[in-house]
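Structure, as structure tokens:
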Amino acid sequence: MKKEIIYDSSTRPVYTHLRPIVLLLLSAGNELAKDDEWGEDRTGYYCLLRRPIDFDLIEAQFAIPEFIRLERGHSCVECDKTWASIRTI
């Protein structure tokens, strides 16, 4: 199976390339921690999830470029190009 590529520098808003990861995690049973899928603070855009991130599922589905960090120890996905992140509460 060919893995999906998740980054295109022309997409807007800047977190759009991480949205397929969020949708995958939600379809696998995770839940949003807030009413809105994406929020923004001084560090950038973020998506908060209630359950732990399934990193193995993400790696099985997507070709992850090196600037998107799967931070297992911190339970988050961070993009070093856009500063967007997916985190658990």
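Numbers at a glance
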quantity	calculated
Condition met for D36 (at pLDDT 95 or above and assigned to a helix (DSSP H, G or I))	no
Residues located in the stretch 28-38, provided they are on the phi < 0 side of the Ramachandran plot and either small (G, A, S) or crowded, with 18+ Cβ neighbours inside 10 Å (or both)	A28, N30, A33, W38
Candidate set from the stretch 1-27 (those that are at pLDDT 95 or above and exposed (fewer than 13 other Cβ atoms within 10 Å of the Cβ)); member that is nearest to the chain's Cα centre (by Cα)	L23
Evaluation of R50 against (1) over 13 Å from the mean Cα position of the chain (by Cα); (2) without any contact (Cβ under 8 Å) to a residue 24 or more places away in the chain (one fails), failing number	(2)
Whichever residue in the stretch 32-46 is touching a Leu at 6+ places or on another chain (Cβ under 7 Å) and not small (G, A, S) and, among such residues, is farthest from H17 (Cα to Cα)	K34
Tabulated pairs, the stretch 18-46, first farther than 18 Å from S75 by Cβ, second in a loop (DSSP other than H, G, I, E, B) and among the hydrophobic types (A, V, I, L, M, F, W, C), C-beta under 6 angstrom, 6+ apart or interchain	P20/I6
The stretch 39-88 - residue that is aromatic (F, W, Y) and in a loop (DSSP other than H, G, I, E, B) and, of those, surrounded by the fewest Cβ atoms within 10 Å (Cβ to Cβ)	F67
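The values are calculated or read from the model by the stated rules, or taken from the named source; none is laboratory data. Fair warning: this is a prediction, and the values are worked out from it, not measured in the lab. Backbone-built Cβ (ideal geometry, glycine too); neighbour counts: all protein chains shown.
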